[in-house]
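Just below is one structure, and these are the notes that go with it.
The numbers here are math on the coordinates, done by the rules we state, and not lab data. Just so you know, these numbers come straight off a predicted model, no measurement behind them. Please note: Cβ atoms are built from the backbone with ideal geometry, for glycine as well, and neighbour counts cover all protein chains shown.
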Amino acid sequence: MSREMTNREQNARQGINSIQIGARVLQALEQGGAAMPLAEVARRSELNPAKAHRYLASLVRSGLASQAPGTGLYDLGPASRQLGIEALRRTDAVARVSGHAVRLREQTGHTANVCVWTEIGPTLVRWDTGSHALPIVVRVGSTLPLLDSAAGLVFLSYLPTSSVAELLKVQQSRGETRPAPAREVRALRTEVAEAGYARTRNNMIFGLAALAAPVFNADAGLESALALIMPARMLTASEERRLAAALRTSADEASHDLGFAGP
């Protein structure tokens, strides 16, 4: 009986140890910041390559990791990304701002969304469909372009330049956002900051327009971007003034709800 109990205890410890090692491999993939070869994953997770490969194979099968067919490089998988987005959605700040997005949708009739900043850029964490058909299908977890989306322009304008400069270069090099000289980027930052909101029209997709405003937290830092999406034909000058006022009011209310004490 004693030997049997000892074996069960050893098996339990082994099972827990396996989970911990798998978590180390996932953390290595996350901290690497980009797809990596097996040797680099092994080094970062402090495993020999053969052992790291066994764990990676299981993680790939589960969707928590992925391996590029052409290069063999490893990266986080779709299941990991979904877990990350769901974790963001469950944070108190996102939940609070999401409530304002729902009310804004009901007030205006237009689709509302919430984006937060992650290491891969402006990331959509909430999408509430309005009553007007849009020429686009967007899923939660999508990353938005910095220069071609209203939410992206909010992050570009309100985050420190050092926080967004490198990602802007990466998006431009990949063709994920349009090229623009430094003086145009500076002008856009100034324009958005002075207006208190960003606007795009026929940028990401022809026929689509968007407005986005910043939401601040108790530390006066940018927490998220609250946005309205609509058919471009509906965004007349008078309608933009009306919607921008409603959007900014909702963003201000969300900011104060998060403890922001500014104007």
Original post:
Got a sec to turn the phi values of region 171-183 into Karplus ³J(HN,Hα) couplings, 6.51 cos²θ - 1.76 cosθ + 1.60 with θ = phi - 60°, whole Hz, x for Gly and Pro?
Top reply: 4, 5, 5, 8, x, 7, 9, 6, x, 7, x, 4, 5
Original post:
In debye, nearest 20: dipole of the chain around its Cα centre with unit charges on the Cβ of K, R (+) and D, E (-)?
Top reply: 600 debye
**OP:** Report the chymotrypsin sites (Phe, Trp or Tyr not before Pro) located in region 158-261 that are in a DSSP loop and have at most 15 other Cβ atoms inside 10 Å of their Cβ, or state none.
**Re:** 206
**OP:** With a ≥ b ≥ c taken as the square roots of the eigenvalues of the C-alpha gyration tensor of region 58-200, please select rounded if a/c is under 1.5 and otherwise prolate if a/b is larger than b/c or oblate if it is not?
**Re:** oblate
Original post:
Roughly what would the spin-label model give for residue 50 and residue 184, points 7 Å off Cα along C-beta, in nm?
Top reply: 5.5 nm
**OP:** From zero up to wherever the largest Cα-Cα distance of region 146-214 sits, split into 5 Å bins and tell me the percent of pairs in each.
**Re:** 3, 19, 29, 27, 17, 4, 0
Subject >> Candidates per GluC sites (Glu not before Pro) in region 18-61, loop by DSSP, up to 16 other Cβ within 10 Å >> reply: 46
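Given the DSSP H assignment, sum -39500 (n - 2.57) over each helix run of at least 4 residues in the chain and divide by its residue total; what's the result at 222 nm in deg cm²/dmol, nearest 500?
-17500 deg cm²/dmol
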**OP:** Identify which of 196, 77, 33 has the largest mean-square fluctuation in a Gaussian network model of the chain, with springs joining Cα atoms closer than 10 Å.
**Re:** 33
Original post:
Share of Cα-Cα pairs in region 131-245 beyond 17 Å, in percent?
Top reply: 56 percent
Subject >> Dipole of the chain, positive end: most advanced residue of 19, 152, 127 [Cβ charges, Cα centre] >> reply: 19
Subject >> For region 239-246, 3J(HN,Hα) per residue [Karplus equation, 6.51 cos²θ - 1.76 cosθ + 1.60, θ = phi - 60°, Hz, x = Gly/Pro] >> reply: 5, 4, 4, 5, 5, 5, 5, 5
Original post:
Is region 69-150 rounded, prolate or oblate when judged by the Cα gyration tensor, a ≥ b ≥ c being the square roots of its eigenvalues, rounded requiring a/c under 1.5 and prolate requiring a/b larger than b/c?
Top reply: prolate
**OP:** Calculate one ³J(HN,Hα) per residue across region 198-209 by plugging θ = phi - 60° into the Karplus curve 6.51 cos²θ - 1.76 cosθ + 1.60, and present them in order as whole Hz with x for glycine and proline.
**Re:** 10, 9, 10, 8, 6, 8, 5, 9, 5, x, 10, 10
Original post:
Pick from 232, 187, 209: which is most flexible by mean-square fluctuation in a GNM of the chain where alpha carbon atoms under 10 Å apart are linked?
Top reply: 187
Subject >> Stretch gain in nm, segment residue 242-residue 27, where the contour uses 0.36 nm per residue and the Cα spacing is subtracted >> reply: 72.8 nm
